[in-house]
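Colleague: If you scroll down you'll find the structure; I have some questions about it.
The values are calculated or read from the model by the stated rules, or taken from the named source; none is laboratory data. What you are looking at is a predicted structure, and each value in this text was computed from that prediction instead of being measured. Because the Cβ atoms are built from the backbone with ideal geometry, glycine has one as well, and the counts that use them run over all protein chains shown. Calculation scope for accessible area: heavy atoms of the full protein, side chains included, ligands and nucleic acids excluded. Shrake-Rupley method; radii C 1.70, N 1.55, O 1.52, S 1.80 Å.
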Amino acid sequence: AENLLTIFISAMEDIFNSLPQKSSCWLKGKGIMYKYQGFWNIKDFLEGAILAQQIFKAQPSDVLVSSCPKTGTTWLKALVFAIVTRDKFDESTSPLLTSVPHECIPFLEKDLEQIQDNHKNSGIPLIATHLAYTSLPKSLIAANCKIVYIYRNVKDVIVSHYHFRRQIQKLSMEDAPFEEFFYDFCQGISCCGPYWDHILGYWKASQERPERILFLKYEDMKRDARNDVKMLAEFIGYPFTIEEEKAGTIENIIKLCSFENLSNLEVNKSGKHRPEEPISIENRIYFRKAKDGDWENYFTEEMKEKVDKLTHEQLRGTGLVL
Ligand code: A3P
């Protein structure tokens, strides 16, 4: 077994040495990202992704929660978890009250063992990922798993991602110029970028298999959460009964998962995500403003024009508006 492990590790090293690399802006020589199958990612997530591509066996009941970072992942995870576990927990016992939503759903790129254990023990059938559609383990597609995908206005994603990266690295805005982050992002160089390609991959798949892939937009969900939560529950096979609707179950889930509620919980104010890891992330960094249009406070007119032009070119013919 040790031999196999050595072979595996050296095969991984060969893969990484052959990939295009780029050091993250502001971090000269550190925070290396690799371009694998058309998308940039950090080594830690890519190792897990490659392993999952090799060995992960999906079950048809698995539901995949997918997104590019900073598009509303935390919110979508909370909602899906609350919908699926509503018979197990109520508003006073939900794990969402004591754990950041990221710890309620195992992450394909990091938590393969936990996912396999869930399969064995008929646990909660939820899996999260940031992988591009074309990089998903084939088994997820072959098993016809349901996939829910969220995307968000690109300009707000850029600002949200900028602050996230900056805060993880504990850098001030002066030490982490927005411009540098902005121009890398536009070139597709951001974690799981190019953002436009990430969206396009899932969009195309949702056109081909609309009964398997639900495409959600952060801004729409904010405007009419009730409609989207109802649709989400139906889509993943956990529809609300008439009695539940009358009893206000949908409203309770929306309230539980709201930014106001989650961001004020002690665990999300002072807790840490993956505290045992070298870069553990303070939960509060996942909850910033949750406002639409914050980009206006950061973009110059030239930046706005650049992104609008790029978006127009990239998403031409899809009808998608970012
Ligand atoms: P801002 O940085 O614009 O505030 P992700 O969850 O994909 O990392 O995205 C993070 C963004 O979602 C952040 O946006 C964060 O504030 C916002 N967010 C986190 N929890 C939310 C919730 N429950 N409802 C709405 N938005 C939320």
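Colleague: Could you list all residues from segment 133-178 that are in contact (Cβ under 8 Å) with a residue 40 or more places away in the chain, closer than 28 Å to THR85 by Cβ and of a type in the set (A, V, I, L, M)?
Modeller: LEU136, LEU140, ALA142, ALA143, ILE147, VAL148, ILE150
Colleague: Applying the selection to segment 251-285, what residues are within 13 Å of the ligand (Cβ to nearest atom) and touching a His at 6+ places or on another chain (Cβ under 7 Å)?
Modeller: Hits for segment 251-285 are HIS273, ILE281, ASN283.
Colleague: Next question, about the same structure. I'd like the full set of residues that are away from the ligand (no atom under 15 Å from the Cβ), modelled with pLDDT of 95 or more and among the hydroxyl-bearing types (Ser, Thr, Tyr), limited to segment 95-125.
Modeller: THR98
Colleague: Do any residues in segment 42-67 that are over 20 Å from TYR202 (Cβ atoms) and within 16 Å of the ligand (Cβ to nearest atom) have Cβ atoms under 7 Å from those of residues that are open to solvent by 20 Å² or more (accessible area, probe 1.4 Å) and modelled with pLDDT of 95 or more, where the two are at least six apart or on different chains, and which pairs are they?
Modeller: That search, which allows pairs on different chains as well, returns ILE42/CYS191.
Colleague: While we're looking at this one, here's another question. Considering each of ILE279, ILE242 in turn, give the residue that is more than 16 Å from HIS102 (Cβ to Cβ), surrounded by fewer than 12 Cβ atoms within 10 Å (Cβ to Cβ) and either out of contact with any Phe, Trp or Tyr (no Cβ under 9 Å at 6 or more places or on another chain) or of a type in the set (Ser, Thr, Tyr) (or both).
Modeller: Sole residue among the options that is more than 16 Å from HIS102 (Cβ to Cβ), surrounded by fewer than 12 Cβ atoms within 10 Å (Cβ to Cβ) and either out of contact with any Phe, Trp or Tyr (no Cβ under 9 Å at 6 or more places or on another chain) or of a type in the set (Ser, Thr, Tyr) (or both): ILE242.
Colleague: Now a separate question. Output the qualifying pairs, or none if there are none: Cβ atoms under 8 angstrom, residues six or more apart or on different chains, first residue in segment 211-229 and within 25 Å of LYS155 (Cβ to Cβ), second residue open to solvent by 20 Å² or more (accessible area, probe 1.4 Å) and in a helix (DSSP H, G or I).
Modeller: LEU214/MET231; LEU214/PHE235; PHE215/TRP203; TYR218/TRP75; MET221/TRP75; ALA225/ILE254; ASP228/ASP220
Colleague: Inside segment 32-41, can you point out the residues that are touching a residue at least 40 places away in the same chain (Cβ under 8 Å) and open to solvent by less than 60 Å² (accessible area, probe 1.4 Å)?
Modeller: If the condition is that a residue be touching a residue at least 40 places away in the same chain (Cβ under 8 Å) and open to solvent by less than 60 Å² (accessible area, probe 1.4 Å), then MET33, TYR36, GLY38, PHE39, TRP40, ASN41 are the ones that fit.
Colleague: Of the residues GLU219, GLU234, GLU211, only one is outside any helix (DSSP H, G or I), within 21 Å of SER66 (Cβ to Cβ), at pLDDT 95 or above and among the acidic types (Asp, Glu); which? Break it down stepwise before answering.
Modeller: Values: GLU219 fails: outside any helix (DSSP H, G or I); GLU234 fails: outside any helix (DSSP H, G or I).
Within the list GLU219, GLU234, GLU211, the selection yields GLU211.
Colleague: For PHE89, state whether it is free of Cβ contacts under 8 Å to residues at least 60 places away in the same chain and either within 14 Å of the ligand (Cβ to nearest atom) or in a helix (DSSP H, G or I) (or both).
Modeller: Spelling it out, it is not the case that PHE89 is free of Cβ contacts under 8 Å to residues at least 60 places away in the same chain and either within 14 Å of the ligand (Cβ to nearest atom) or in a helix (DSSP H, G or I) (or both).
Colleague: Let me ask another. Does any residue of segment 104-126 turn out to be out of contact with any Pro (no Cβ under 6 Å at 6 or more places or on another chain), part of a loop (DSSP other than H, G, I, E, B), open to solvent by less than 20 Å² (accessible area, probe 1.4 Å) and farther than 30 Å from TRP196 by Cβ?
Modeller: Checked segment 104-126: no residue is out of contact with any Pro (no Cβ under 6 Å at 6 or more places or on another chain), part of a loop (DSSP other than H, G, I, E, B), open to solvent by less than 20 Å² (accessible area, probe 1.4 Å) and farther than 30 Å from TRP196 by Cβ.
Colleague: What are the residues in segment 245-273 that are within 19 Å of the chain's Cα centre (by Cα) and open to solvent by less than 40 Å² (accessible area, probe 1.4 Å), if any?
Modeller: CYS257, SER258, LEU262, SER263, ASN268, HIS273
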